[in-house]
Amino acid sequence: MINVIVELSKYTILTLMIVYTFHCFYTVRQPDEEERNELLRQQLILIFFIDFTAFLVIYLKTFDYKVVRFYIEMQIFFAVIQILYRVLYKKASLLLLNNMCMLLSVGFIMLCRLDITMATKQLLVAAGASAVALAIPVMIRKMRFLRKLTWIYAGIGVVLLGAVFLLARTSYGAKLTLLGVQPSEAIKITFVFFMASFLSRDTSLKAVVQVSAVAAFHVGILVLSRDLGSAVIFFAAYLVMVYVSTRNVGYLGLGLVGGSGAAVVAYHLFGHVRQRVSAWKDPMAVYQNEGYQIVQSLFAIGTGGWFGMGLCQGSPESIPVVKNDFIFSAICEELGGIFAICLILVCMSFFLMIVNIALRIINPFYKLIALGLGTEYAFQVFLTIGGATKFIPMTGVTLPLVSYGGSSVACTVLMLAIIQGLYILREDEDEEIERYRRKGTAQRVEEAPEAQSPGDF
């Protein structure tokens, strides 16, 4: 009977995920506010039933009451977040909030299936970060001096990255954490704020050179620390923000050429880079060493097929660091390739929403922040999934909100809170423009000469 429930759950979860993904794109195009709100409520129902089905299966396969307790705690967390955002921020993007809850749900499901202790830790971190994040939208609206802290942002980034390089221990071939925290995750935010603050005031050649020097310093320290994934993410954000602010294609081309040259140099200078490239080119040739991870990842993806083996039916534990860098492979194995594609589309809708917000913001400082954070998010998703599927060499980054990692989850939640603040700011700008438009129309009507009647001729 349990096997029947597990088999049916595969298709139930998949169907619900497909419908949710459709809602992500259809809701944005829906002009009617009431209809849009109804679709958003339906998304919450879909998340609830996905969670219920998944955790029912996990419980039936383990009979561990910790699973039930975790499920209740998770639902309370989602309910509190949804209620507080609706009460505190009437103009907040509920679609953005729903997508955050959906991605967190997928992460909690997989972590609970793999390690209930880690899932509990992840929930605590997400709850704590969300509590802090509730204050960020109002800070974005009120703290206008954030634009002036240019060199403070740069100083924080350089100091923290330097501390990691000098003091952190090497783990999995890279220096990532200091005192249990991964500073590069937080510096993704300060780096974007530095770039936006600088480029929103000055886009001259001198300014671009100065910004490039600071960015190169960040990326250089990350490369020396062997944190290649973060280095690529920082470089991508830098390139996009410079191009958008200057509208100079030459800078974009020069950046791409420079980045390609730096990649070649890194390949010849650093042995760990050559190892990852060799594992990417032919993982079976180095299966016993650096190729083991990617081979196991590909086996898991292939085993899952389109529909997956079902929760608790696969062997994701055979993949090294599956809870972090390779959680996408575990999702493919147990929930299926179609579910994984839907997950990618949800992440894509996330990114498109951020870009849409950025394009509609008038203030250049906030516009660049939105584009920078959106670029970092998109590239992190690309690097994680690309590495797990052997599309690109492994870079050792987590899938935002899904993978296990306290620093990653906390900083991603804070990033999304910043985006929410920018969304609210954009709504305020739209209201102000509409108010001025109405005021101008009323003034023109008052100043217009009175219409003459036929008797006046």
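The values are calculated or read from the model by the stated rules, or taken from the named source; none is laboratory data. Fair warning: this is a prediction, and the values are worked out from it, not measured in the lab. Glycine also receives a Cβ, built like all others from the backbone with ideal geometry; neighbour counts cover every protein chain displayed.
Residues that are touching a residue at least 60 places away in the same chain (Cβ under 8 Å), part of a helix (DSSP H, G or I) and either crowded, with 24+ Cβ neighbours inside 10 Å or not β-branched (Val, Ile, Thr) (or both) within the range 330-351 comprise Ala330, Ile331, Glu334, Leu335, Phe339, Cys342, Leu343, Leu345, Cys347, Ser349, Phe350, listed in sequence order.
Going through (1) touching a residue at least 60 places away in the same chain (Cβ under 8 Å); (2) closer than 13 Å to Val402 by Cα one by one, Leu123 falls short only on (1).
Applying a threshold of 8 Å to beta carbon distances and a minimum spacing of six or more residues, or different chains, the list of pairs starting in the range 128-144 at a residue that is acidic (Asp, Glu) and ending at one that is in a helix (DSSP H, G or I) and modelled with pLDDT of 90 or more is empty. Pairing each residue of the range 368-388 that is aromatic (Phe, Trp, Tyr) with any residue that is buried (at least 24 other Cβ atoms within 10 Å of the Cβ) and assigned to a helix (DSSP H, G or I), provided the two are 6+ apart or on different chains, yields C-beta distances under 6 Å for Phe379/Ile233.
Checking each residue in the range 214-228 for being part of a helix (DSSP H, G or I) and closer than 18 Å to Val265 by Cβ picks out Ala215, Ala216, Phe217, His218, Val219, Gly220, Ile221, Leu222, Val223, Leu224, Leu228. Exactly one residue out of Thr375, Thr398 is assigned to a loop (DSSP other than H, G, I, E, B) and buried (at least 20 other Cβ atoms within 10 Å of the Cβ): that is Thr398.
In the range 265-277, the residues that are at negative phi and assigned to a helix (DSSP H, G or I) reach residues that are surrounded by 14 or more Cβ atoms within 10 Å (Cβ to Cβ) and acidic (Asp, Glu) with C-beta atoms within less than 6 angstrom, at least six apart or across chains, in these pairs: Gln275/Glu290.
Taken residue by residue, the range 47-66 has at least one member that is surrounded by fewer than 19 Cβ atoms within 10 Å (Cβ to Cβ), closer than 30 Å to Ser315 by Cβ, touching a residue at least 60 places away in the same chain (Cβ under 8 Å) and in contact with a Cys (Cβ under 8 Å, 6 or more places away or on another chain). Inspect the range 434-448 for any residue being part of a helix (DSSP H, G or I), modelled with pLDDT of 90 or more and either within 11 Å of the chain's Cα centre (by Cα) or of a type outside the set (Phe, Trp, Tyr) (or both) and give the result as yes or no. For the range 434-448, residues part of a helix (DSSP H, G or I), modelled with pLDDT of 90 or more and either within 11 Å of the chain's Cα centre (by Cα) or of a type outside the set (Phe, Trp, Tyr) (or both): absent. Answer with yes or no whether Val214 is crowded, with 23+ Cβ neighbours inside 10 Å, modelled with pLDDT of 90 or more, among the aliphatic types (A, V, I, L, M) and within 29 Å of His272 (Cα to Cα). Spelling it out, it is not the case that Val214 is crowded, with 23+ Cβ neighbours inside 10 Å, modelled with pLDDT of 90 or more, among the aliphatic types (A, V, I, L, M) and within 29 Å of His272 (Cα to Cα). Which one of these does Gly405 not meet: (1) crowded, with 23+ Cβ neighbours inside 10 Å; (2) within 21 Å of Gly305 (Cβ to Cβ); (3) modelled with pLDDT under 90? The single condition Gly405 does not satisfy is (2).
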